[in-house]
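Coordinate-derived values only; no laboratory data. Note that the coordinates shown come from a computational prediction; the quantities given were computed from them, not determined experimentally. Methodologically, a virtual Cβ is constructed for each residue, glycine included, from the backbone with ideal geometry; neighbour enumeration extends over all protein chains shown.
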């Protein structure tokens, strides 16, 4: 099934290729229900405990997954980058409400599909279900690999990995990059105390590996390249 011109005209080649493959055997009723939407940074796309009304295909941008109920403070535990599908996990597991909150980390472009329409379709479309299964397995493998690596790292290398991943999302023209996360948020993500994060940030600043700008961590291109070399050096030792 061909993607409608008003939508396809706004997509780049990669986005259009994915949509054409994913929706290749979808009925007209599904295609007509597609809504292309742009969301600003820090927009709550999905709220924990809300009803499962829509499934979203993240075509551009990044999402932050937030667990609202584990600790006193919201726990930001993973990020999702385009191209990704969100909002259908609960449908597959027959959960009536959202498990986590998803918030945009930057301006993002999504295709929104009514959840009931999506589920009725993908149950009977082997092609779409196969593509979705591949995506879920790749996501699971990536998360498992990250968990294994993170388990054996000390707190300093965990922080360097975090900074490297944050900076890798940006273009070289964007340097210096200001890390938007607060130190309590970083401590939650890395699973260590705020005191430890503060100590590590000061040590990295003293070593000129990062800069501190109005209390926020900032990384210039030369610093990023040094952090990248540290990550690669550790990876080569573990082979």
So if R0 is 25 Å, what FRET efficiency would residue 81 and residue 206 give, r being the distance between their Cβ atoms, rounded to the nearest 0.05? 0.20
Of 219, 100, how do they rank once you tally other Cβ atoms within 10 Å and put the fewest first? 100, 219
Ranked by Cβ crowding within 10 angstrom, fewest neighbours first, how are 192, 52, 110, 19 ordered? 192, 52, 19, 110
Mean-position separation - Cα centroids, the range 10-65 and the range 193-226, in angstrom: 36
For a footprinting-style exposure proxy, rank 17, 125, 206, 211 by other Cβ within 10 Å, fewest first. 206, 17, 211, 125
Relative contact order (percent) for the chain, with alpha-carbon contacts under 8 angstrom and 6 or more residues of separation? 18
Pair residue 225, residue 9: separation of 7 Å Cα→Cβ label points (nm): 4.4
Under the helix-only model (-39500 (n - 2.57) for each DSSP H run of 4 or more, divided by the residues of the chain), the mean residue ellipticity at 222 nm, to 500 deg cm²/dmol, is -14000 deg cm²/dmol
